[in-house]
Amino acid sequence: MSELKNLLANNRAWATRVERERPGFFSGLTHQQRPKYLWIGCSDSRVPANEIIGLMPGEVFVHRNIANLVVHSDLNCLSVIDFAVNELKIQDIIVCGHYGCGGVTAALAPSAGRVFDHWIRHVRDIAKFYRSEIEIESSLDAQSRKLCELNVAVQVVHVRESPILQTPSARGVTVHGWIYDLADGLLRDLTPMIDSVRALAPNATVR
Ligand SMILES: [Zn+2]
């Protein structure tokens with residue numbers, strides 16, 4: 001319980017500091033939010049969206065789940081994309097994965113029959129589809145890194161192909177694929193990888 005009290009104390013200190021540095025910051029956010037970006041990332045505690053891209057509350061709309069998946073039937077994620085595009089008028093969507101992702105690495109191991117395994121079945125499907133690209137990597141770590149990259153690329157394609165992005169109101173929306181390295185705290189743009197996935201998946205109708 002004392003640890004939770006610490007969290008509340010941390011919050012008071014943070015709010016005080018922000019208000020001191022930027023008077024009126026919180027009252028300015030109470031009536032509306034105008035984030036310029038939608039971030040779709042992993043739930044992993046080491047990859048907090050706002051912190052790693054240096055943005056304050058109000059500047060990035062966030063959806064996170066294990067392994068940063070965009071599943072065609074996931075109404076949670078799809079609702080976030082819909083709201084971002086049609087209400088917030090966001091023009092840039094970032095799908096961000098990370099190396100060392102537990103959800104992705106677990107997809108390279110046998111299923112333990114947990115609920116979690118149902119979720120990462122989506123990643124297993126990617127691992128199967130791109131098996132030859134993954135198996136040329138010699139170590140499990142390298143295979144996991146490759147699958148982390150492929151997973152981002154496929155999720156980017158899923159966003160681009162979603163019906164929401166086919167509507168006129170989504171014209172001009174750009175979907176980016178990034179990956180974060182826990183080892184150095186840096187983001188990398190995976191655009192070349194995404195272009196190769198497009199070639200590997202000829203049935204994909206992406207733009
Ligand atoms: Zn992860």
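Show me, for the stretch 45-55, the HN-Hα J-couplings you get by feeding each phi into the Karplus relation (A = 6.51, B = -1.76, C = 1.60, θ = phi - 60°), rounded to Hz, glycine and proline as x.
Couplings: 5, 8, 10, x, 4, 4, 4, 6, 10, x, 10 Hz.
If you take every DSSP beta bridge fully contained in the chain, what fraction is antiparallel? Give it as a percent rounded to 5.
20 percent
Express in % the proportion of alpha carbon pairs of the stretch 103-199 at distances exceeding 17 Å.
In whole percent, the share of Cα-Cα pairs in the stretch 103-199 beyond 17 Å is 57.
Can you give me the angle between helix 75-86 and the longest principal axis of the chain, using Cα atoms only, in degrees from 0 to 90, rounded to the nearest 10?
That helix lies at roughly 60 degrees to the long axis.
Amide H to amide H under 5 Å from ILE94: which residues, 5+ apart in sequence or cross-chain, H placed 1.01 Å off N in plane?
Amide H neighbours of ILE94, under 5 Å, 5+ apart: LEU38, TRP39, ILE40, HIS176.
Could you give me the ³J(HN,Hα) list for the stretch 36-43, computed from phi with Karplus coefficients 6.51, -1.76, 1.60 and θ = phi - 60°, whole Hz, x at Gly and Pro?
After applying 6.51 cos²θ - 1.76 cosθ + 1.60, I find 8, 9, 9, 10, 10, x, 7, 5 Hz.
Residue by residue through the stretch 170-175, which ³J(HN,Hα) values in whole Hz follow from phi under the Karplus form 6.51 cos²θ - 1.76 cosθ + 1.60 (θ = phi - 60°), with glycine and proline marked x?
Whole-Hz 3J(HN,Hα) from phi for the stretch 170-175: 8, 4, x, 6, 10, 10.
Whose amide H sits under 5 Å from the amide H of LEU182, counting only residues 5 or more places off or on another chain, with H placed in the peptide plane?
TYR99
Run a plain Debye calculation on the chain (Cα atoms as equal point scatterers, no solvent) and give log10 I(q)/I(0) at q = 0.13, 0.18 Å⁻¹, rounded to two decimals, same order as the q list.
The calculated log intensity ratios at q = 0.13, 0.18 Å⁻¹ are -0.79, -1.29.
What distance in nm lies between label points placed 7 Å from Cα along the C-beta direction at VAL71 and ARG124?
If labels sit at VAL71 and ARG124, their model points lie 1.3 nm apart.
Given the -39500 (n - 2.57) contribution per DSSP H run of 4+ residues, what per-residue ellipticity at 222 nm results for the chain, rounded to the nearest 500 deg cm²/dmol?
-14000 deg cm²/dmol
As a test question: what accessible area, to the nearest 10 Å², does LEU186 have when a 1.4 Å probe is rolled over all protein chains in place?
100 Å²
Could you state the angle between the C-alpha long axis of helix 2-21 and the longest principal axis of the C-alpha atoms of the chain, as a value from 0 to 90 degrees rounded to the nearest 10?
For helix 2-21, the angle is close to 70 degrees.
Pick out, from HIS72, LEU147, LEU29, the residue whose Cα sits farthest towards the positive end of the charge dipole of the chain, with +1 on the Cβ of Lys and Arg and -1 on the Cβ of Asp and Glu.
Positive-most Cα among the choices belongs to LEU29.
Using a simple spin-label model with points 7 Å from Cα along the Cα→Cβ vector, what separation in nm is obtained for ASP189 and ASP141?
Output for this residue pair reads 2.8 nm.
Run the reach check for LYS146 against aspartates and glutamates, Cα to Cα strictly under 13 Å, same-chain hits fewer than 8 apart removed. What comes back?
Within the straight-line cut-off, LYS146 pairs with GLU133, GLU135, GLU137, ASP181.
The values are calculated or read from the model by the stated rules, or taken from the named source; none is laboratory data. Remember, predicted model here, so these are calculated numbers, not experimental data. Note that each Cβ is placed from the backbone with ideal geometry, even for glycine, and that neighbours are counted across all protein chains shown. The protein model used for the area step is the full one, side chains on, heavy atoms only, and it has no ligands, DNA or RNA in it. Shrake-Rupley method; radii C 1.70, N 1.55, O 1.52, S 1.80 Å.
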